[in-house]
1. Under the 0.36 nm per residue contour assumption, what length would be gained going from the current alpha-carbon distance of ASP419 and THR216 to full extension?
2. Between GLN302 and ASN315, what is the label-point separation in nm under the 7 Å Cα-to-beta-carbon projection?
3. For labels at ARG179 and ASP485 in the simple 7 Å Cα→Cβ model, what's the distance in nm?
4. Over segment 369-441, what relative contact order in percent results from Cα pairs under 8 Å that are six or more residues apart?
5. Would segment 96-135 count as rounded, prolate or oblate if I go by the C-alpha gyration tensor, calling it rounded below 1.5 in a/c and otherwise prolate when a/b exceeds b/c, oblate otherwise?
6. Per-residue counts of other Cβ atoms within 10 Å, averaged by peptide: what ranking do you get for 379-386, 359-366, highest first?
7. Work out, step by step, the length gained on full extension between LYS239 and ARG194: first 0.36 nm times the residue separation, then minus their alpha carbon distance; give nm to one decimal.
8. Need one number: nm distance between label points at ALA462 and SER138, each 7 Å from Cα along Cα→Cβ, rounded to one decimal.
Amino acid sequence: MRKLFSKFRLAARARKRSTPTQDPEAAAVVGVAEAELKYSVHSSTAERRPQKHPLSAQHDHADDPIPGTASNRPSIQASPAKPTLETLPAELRTEILSHIVDLNDLSAVVHASPVFHQQYLLNRHRFLAQCLKGTLESVLIDAYIHLASSDVVEQRLAAPKRSSRPAITAVMEGYGELRRASQRASRGDGVLERCDIEDLTNMASFYLAVVQPLVTDCATLFLQNLKVQNPAELGSLRKIERTRLLRALYRFQIYQDLFANDGTGSDFSHVEVLAVFFGIFHPWEVEEVHCIDHLVRARHNQVFDKIKWDVHKTNAARFGEQMNPMTPPGAFDLDNEYNRLSLLNGTISRGLPLFQAVPRMADHEALIRLMQQNMTWGLGEPIPETMVSLTSDFRRSFYPSELDQMEAARQRMPFLGDDEEAPPLAWVIIWRGRYSTTYGDVIPPVLQDWGYVFWDVHRLTARRGEMKTELLSAWLHKWPEDPRDL
């Protein structure tokens, strides 16, 4: 079956090379991994939800003859056609599709074969649902909640003066309920029953166009920052590493939708955000999201450095001679520290589509245009501002949890292996095998540069424990004593 899917993927790529493609710059501007998958970056003028995935659209071969139609039915004198996959009975084609559990494989099949595409259309919900389940597994809940957070963004755009607090509260209550009710064996099956075909196609589009390419991008960037290892020599991501990156990316996007992009006066304090959003995750999972924010922040800061003169109002070549004291449209003062921080927070709130689009811009002018369209002032609660130690102390006072009691008792936290619900080895090492709910600004930034909570035991201990040694050295350099005792 795997050889079959590989054959379809090769056929699909051959078809794409033989047909005209969309302008790659235009595709990059909307944050798309492939020209035919479109997802809006500029949320102030376009819907934040993805357009229909190709799996839901009419197939490129819709006008081609389909076996069995009058246009290609063999004459009586013709020799019997050699049997092919496309001449299989409909029942067997359905059986083949029912064994595909990966979105990329499904996409390859329906792009390569108009007959299989028509068969897919007869039961789209079933085939998309089974592939989303197989591709996302336990992260399916986070992908489903992202649909709800996208709805909050759309409501906010439609009624900017209406408080988002009730909608945000409802989303987070549902998120917490799903996480509590979900058992690991079910892998979030229950959410698929709530989805219509539009929900499924939106989930598939966002994953394929935005999240999937970012898993590899983020892993590469983190490992490049950890200079003791060459990312090219480390092989592919292990399943647990991919799962940790996947869930962190979705949760980062959900946070941006709900809390960082909110200018409606919903009035969530930093303490409330810690309790309402981050309080439903394990502490090391909170650090996963923090690491993604750290990476996004670093990339956008680098872009700001590249374009700061291009977008400065005194750039006469771009904005002309300015006699008016007002800043012209598209101009920003990135040399001003306050302006830069606010613009950085606002630009990060655009989320993953912009983060994914930036490095794929064709040239410098295209990058300038993309950033001018998406730079905005920060209106919500940026992640670093919620994760300061003082805020965490207030959260423990006003919203205490059983996890805080486990930390106070210094309950044992051994490394139990790379399990989705268990702490990663790096977290166990820095907290000396004792439970901790401490995260955020306590963690040395260099550890977040490395994405320390994503890596499995094999990567940490490879090459005589090179990464593990660097991790412990960086931690002890900042904290020779346990910071929880200070």
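1. Numbers: separation 203, 0.36 × 203 = 73.08 nm, distance 2.07 nm.
Working it through step by step, the gained length comes to 71.0 nm.
2. Result for the modelled spin labels: 1.9 nm.
3. 3.1 nm
4. On the way: 49 pairs, mean separation 25.9, N = 73.
Dividing the mean separation by the residue count of segment 369-441 yields 36 percent.
5. Details: a/c = 2.16, a/b = 1.38, b/c = 1.57.
Oblate, since a/c reaches 1.5 and b/c is not below a/b.
6. Working: 379-386: 20.5, 359-366: 14.0.
Final packing ranking: 379-386, 359-366.
7. Working: separation 45, 0.36 × 45 = 16.20 nm, distance 2.70 nm.
Full extension from LYS239 to ARG194 adds 13.5 nm.
8. In this crude spin-label approximation the distance works out to 2.2 nm.
We did not get these values from a lab; they are worked out from the coordinates using the rules stated. Note that this is a predicted model, so its numbers are computed, not measured. When we count neighbours, we look across all protein chains shown, and the Cβ atoms used for this are built from the backbone with ideal geometry, even at glycine.
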